[in-house]
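Encoded as structure tokens, the structure appears first; notes follow it.
Any read-out appearing in this document is the output of simple, stated calculations on the displayed coordinates, not a laboratory observation. On a predicted model such as this, the values are computed, not experimentally measured, just so you know. Ideal geometry is used to build each Cβ from the backbone, glycine not excepted, and the neighbour counts take in all protein chains shown.
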Amino acid sequence: MDAAELRAAFAIARKELQVARRYPLQLVNEVLQPLYQFLLPSLLLGATFLVGGRAIGLEAVTGTADLAGYLFLGTIVGGLVGAAFWEMAFGLKREMDAGTLEPAWLTPTRPETFVFGRAIAALLIAGAASAALIGIGLAFFGASVGGGLLLALPALAVAAASMIGIGYLVASVVLLIREPNFFVDATNFLFAVISGVAFPVLVLPVFIQPIAYILPTTYAVDLLRVYALGTRPLLDPAVEWAALFLLAGLTIWLGRAAFRRTERRMRVRGTLGQH
Amino acid sequence: MTARGDGLAVEAAGLLKEFEKGRRTLLQRLRREPDRRERFRAVDGIDLAVGRGEIFGVLGPNGAGKTTTMKMLATLLEPTAGSARVLGLDIVRDAREVRRRMGAVLSDGRSLYWKLTARENLEYFAALYHVPAAEQRDRIARVLAAVKLDDRADDYVERYSTGMRQRLVLARALLPDPELLLLDEPTVGLDPQSARDLRDRVRELQEQGRTVLLTTHYMEEADQLCDRIAIVDHGKVVALDTPAALKRTIGATEVVHLEIAAEDGAPPNGGFLGRLERAGQVAHREQREGTLAVTVHAESAREFVPAAFDAARAEGAAIRHVEVVPVTLEDVFISLTGRALRE
Amino acid sequence: MSATSLLADVHAFGAAALKEWRLLRRYPTLFVGFLFWPIALPLAYVFQARGYAGDSQAALDAFAARAGTTEVAGFLFLGWAAYMWISMILWGPGTALRTEQVRGSLEALFMTPVSRLVILFGPLLSQVVWAVWMFGIVAATLALVFGVDIALASALRALVVIGVAVPALYGLGALFASVVLRYGEVSALVQGVRGLLTVFCGMSFPIVVLPEWGRAVAMALPPTYLIGDLRRVLLAGAGLAELLPSLAVLLALGVLLCGLAVVAFRRTERYARRGGSLAQY
């Protein structure tokens, strides 16, 4: 990616943030929605299983009784997944339908840069929302996330990179189908859930668990919890780090290839301007 | 008349675009069933040669293939067959380079970000056009001045009128300081004043040495603006020349519209039409309630009209309405295709 | 109101519902969604509950003591079925008027002589089919996948509970529609209300785990009674007699909410006519 292309990517990110700034309520929702749609119902469900005020069941499975910490950390990765599916991919489709993508593809900037540029903005917003949520978790819900969290930040960075690959992959599908809402909604949900964002991967049925092991986010969320809460790792952490890097590389490579193929199909079919 | 200027801005040879109707289901794809979808040709072998510095018009009714042709030249659409070069570059092989040197207006104000100001929109696109950072500010100021939006640059686009949005879309296309501009129906949806303003901007662009290729279905626009025009219908070029030369193909300089009825109110008889045909060239006739509307191409209306009245008197018909207008490109289109531009 | 105009309104009701149904049919992926979400969403919570229980009998006993049942899957599926029904109401008919306003067709609608009740409650009718479908899917999943035994008598009692809840939920939906039409900002409002309901109505938990002030809020919301009564009838074998006090409150809330909805709607319409906002947003 040359300097001009990188500048274009940052301009795309800047534009996204400028537009987002004009919808302040949506930005607030980035923090509130995970809270009331996932965190609070999950915490209250967890509270139903407490024995003497302790999450002994969770502790037996994962090695930590810090219910709030467990869930809030999961939300960070959930936010990354959401950024890939909704902002990078679905957001691009929304631009296409609105008619603002066509003039952008008339410029020398490569179409794949648009996914990358959106990713920068989406990950920034997701990052800010996650930081706010961790703060809320620490302040109001008794999460006791240790300083070990900082050790896991590189894992988050690699996970973020892999989500860009996922963003490319999802975008390559979404740009070609007419009503992508259900597809994005359902795959986003499944991706997050199977990665262990909401519950330990080990409680999944045996035939679904292998899928979890090929998702980069599974390792990201596990390493996050290992370092911040001292949970039992799914695999040897060294293996998890390796898997995370490998899968990140794979998803980025696959994603870009799929996206380029979709772009070519759109130029042949002429579907860029249709809505 | 051939293209002027050295070198060609646009050359197209046998440009063809075919689309399939409908979509294939996932099952059909997985089973690798043969593609039996109906195909239709939006562009059916178009040849073009646009000289540098020209304003070249592509005139035709809706569905003629104008937009599809423009999209191919703008590298948004891959041709099914044929080839084209824009500023000497192949539109498929060198697509990115083409986009660097060309500006296009293929859509209206809906392609802008309404939640951003005009300046913010242009800053975004300047980066996309790879305008060097050092030049960005000046370039944006220049394009805003060119479309006379400099005093409204920091207003949100949602507050702009339709005409202003269309001018901003033109400003956006000027960001790469393009040698060639593609304008697809640039004045559609604009009020007459805004449309006139936009045409003035287009003339100014030519004065700056740029080449403009525009499509329109407004014959007056093509007539007033363009050095040369290609008339397209059903994906093919049916005529290509200067507006004056095209109008001369009619073999008349004036068009007379008549409304005639028989004196007793019934439609006129065949004898009257025969007399008319001896005095001028009947291009079009249409039966309306009790009257016959006739369009005649005449060398001189001054000679034809009295002859028409004489014919009417002789055949017991009455001329209810006479209108004399100069020959237009619409008349050229009708003579070539038998249909009106605005059907 | 004459007999002919009443008949005309009934006919208009049907037409409104049919129009909503036809619009829905143009989005086939919505149908797949109606098969996927009623199973996937609660299933995720069932797995979560397994994570919380681990293999600790003490944890499971704690759940049973608080929830009043050992059927974790049944408890969660019923709660989420109710959440999805409410979501459908708020997201569909609740925003139907606002959608018409944005589309530009609201003005045309208001220019017809049809009763305002038809405009307000018509779209809600088409939701009935989906509600029946969704509850059916949930019942089938519980019976076939989790082996939850649902006796016919319990099922019928559950239908009574749902029927009693209809005025309250539809009143809520209609009230929502008026507020949304007046104030716009669909997303923030819908998410806010959805959030409120998710947190306070016991979708995924028994309301006893809420702090005291939370329980007070819960007792003012119709879905709380719907979910609680459904769980008591289908999982704890409660009879209708035991539920009478709760059903009475639900019915009363229904009357109140429908009344409020009509008042709010009339006010909104008057405001819109005065300010000309029917045609713009």
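What residue among A:Phe10, A:Leu124, A:Ala238 has its Cα farthest toward the positive end of the dipole of chain A, where the charges are +1 on Lys, Arg and -1 on Asp, Glu, each on the Cβ?
The Cα lying farthest towards the positive end belongs to A:Phe10.
Based on the alpha carbon coordinates of the protein assembly as shown, what radius of gyration and maximum Cα-Cα distance (Dmax) apply, in Å?
34.0, 115
Given labels modelled 7 Å from the Cα in the Cβ direction, how far is it in nm from A:Glu179 to A:Leu27?
Roughly 3.4 nm, to one decimal.
Considering every residue in A:26-34, what mean count of other chain Cβ atoms within 10 Å of its Cβ is obtained?
2
So for A:Phe207, A:Phe38, B:Phe272, fewest C-beta neighbours within 10 Å to most, what's the order?
Going from sparsest to densest Cβ surroundings: A:Phe207, A:Phe38, B:Phe272.
To the nearest 0.05, what FRET efficiency results for B:Ala314 and C:Arg116 with a Förster distance of 60 Å applied to their C-beta separation?
Here the calculated transfer efficiency is 0.30.
Please work out the Cα center distance from the stretch B:303-321 to the stretch C:64-90, rounded to the nearest Å.
Rounded to whole Å, the Cα centres lie 88 Å apart.
Shape of the stretch B:140-193 from its Cα gyration tensor (a ≥ b ≥ c, root eigenvalues): rounded if a/c is under 1.5, otherwise prolate when a/b > b/c, or oblate?
Judged from the Cα gyration tensor, the stretch B:140-193 comes out oblate (a/c at least 1.5, b/c at or above a/b).
In debye to the nearest 20, how big a dipole does the protein assembly as shown give about its Cα centre with +1 on each Lys and Arg Cβ and -1 on each Asp and Glu Cβ?
Dipole of the protein assembly as shown, to the nearest 20 debye: 1160 debye.
Taking a 26 Å limit on the Cα-Cα distance, which of the listed pairs A:Lys15/B:Lys21; B:Lys66/B:Lys247; A:Lys93/B:Lys236 fall beyond it?
Checking Cα-Cα distances, A:Lys15/B:Lys21; A:Lys93/B:Lys236 exceed 26 Å.
Could you pull out the longest piece of chain B with no exposed loop trypsin sites (Lys or Arg not before Pro) in it, calling a site exposed if DSSP puts it outside H, G, I, E, B and it has at most 14 other Cβ atoms within 10 Å?
The reported range is B:149-338.
Of B:Thr80, B:Gly60, B:Val105, which is farthest towards the positive pole of the stretch B:60-106's charge dipole, taken about the Cα centre with +1 and -1 on the beta-carbons of Lys, Arg and Asp, Glu respectively?
Sorting the options by dipole projection puts first B:Val105.
If you line up the long axis of helix B:301-315 against the longest principal axis of chain B, both from Cα atoms, how many degrees apart are they, to the nearest 10?
40 degrees
Taking the Cβ of A:Arg21 as the centre, find all other residues whose Cβ is under 12 Å away and add up their charges (Lys, Arg: +1; Asp, Glu: -1).
Net local charge, A:Arg21 excluded: +2.
Can you compute the helix-only [θ] at 222 nm over the protein assembly as shown? Use -39500 (n - 2.57) per DSSP H run of at least 4 residues, normalise by all residues, nearest 500 deg cm²/dmol.
-19500 deg cm²/dmol
Tally Lys/Arg at +1 and Asp/Glu at -1 over every other residue whose Cβ is under 11 Å from the Cβ of B:Ala141; what's the total?
+1
Only counting other Cβ atoms within 10 Å, I'd like B:Leu258, B:Leu144 sorted with the fewest neighbours first.
Ordered from fewest to most neighbouring Cβ atoms within 10 Å, B:Leu258, B:Leu144 come out as B:Leu144, B:Leu258.
Just rank B:His321, B:His217, B:His234, fewest to most, by other beta-carbon atoms within 10 angstrom.
By the 10 Å Cβ count, ascending: B:His321, B:His234, B:His217.
Using a ≥ b ≥ c from the Cα gyration tensor of the stretch C:157-229 (square roots of the eigenvalues), is it rounded, prolate or oblate, where a/c under 1.5 gives rounded and otherwise the larger of a/b and b/c decides, a/b for prolate?
oblate
According to the square roots a ≥ b ≥ c of the eigenvalues of the Cα gyration tensor, what is the shape class of the stretch B:20-95, taking rounded for a/c under 1.5, prolate for a/b larger than b/c otherwise, and oblate for the remainder?
The shape class here is prolate.
Can you work out the FRET efficiency for the pair B:Ala307 and B:Gln206, with r the C-beta to C-beta distance and R0 = 41 Å, to the nearest 0.05?
With a Förster radius of 41 Å, E is 0.40.
Taking a label point 7 Å from the Cα of B:Gln224 along the Cα→Cβ vector, which residues of the stretch B:307-343 have an amide N closer than 20 Å to it?
Within reach of a label on B:Gln224: B:325-333, B:341-342.
Which one, A:Leu224, A:Tyr213, A:Thr262, projects farthest toward the positive side of the charge dipole computed for the stretch A:202-264 from Cβ point charges (K/R +1, D/E -1)?
Selected residue: A:Thr262.
For the stretch B:28-130, which GluC sites (Glu not before Pro) are both in a DSSP coil and crowded by at most 13 other Cβ atoms within 10 Å?
Qualifying residues, ordered by number: B:Glu38.
So, with +1 on the Cβ of K and R and -1 on the Cβ of D and E, and no other charges, what is the size of the charge dipole of the stretch B:109-190 about its Cα centre, to the nearest 20 debye?
Around 220 debye, computed over the stretch B:109-190.
In the protein assembly as shown, what % of DSSP beta bridges are antiparallel (nearest 5)?
Percentage antiparallel, nearest 5: 70.
May I have the convex hull volume per residue, in Å³, for the Cα set of the stretch A:116-275?
Considering the Cα atoms of the stretch A:116-275, their hull volume per residue is 136 Å³.
Averaging over all projection directions, find the projected area of the Cα convex hull of chain B and quote it in nm² with one decimal place.
With the hull built on Cα positions only, its mean projection is 23.0 nm².
Quick check for me: using +1 on Lys/Arg Cβ and -1 on Asp/Glu Cβ, what's the dipole size of the stretch A:92-136 about its Cα centre, in debye to the nearest 20?
Using Cβ point charges on Lys, Arg, Asp and Glu, the stretch A:92-136 gives about 100 debye.
Treating the angle as unsigned and between 0 and 90°, give the value, to the nearest 10°, between the Cα long axis of helix B:118-128 and the longest Cα principal axis of chain B.
Around 70 degrees separate the two axes.
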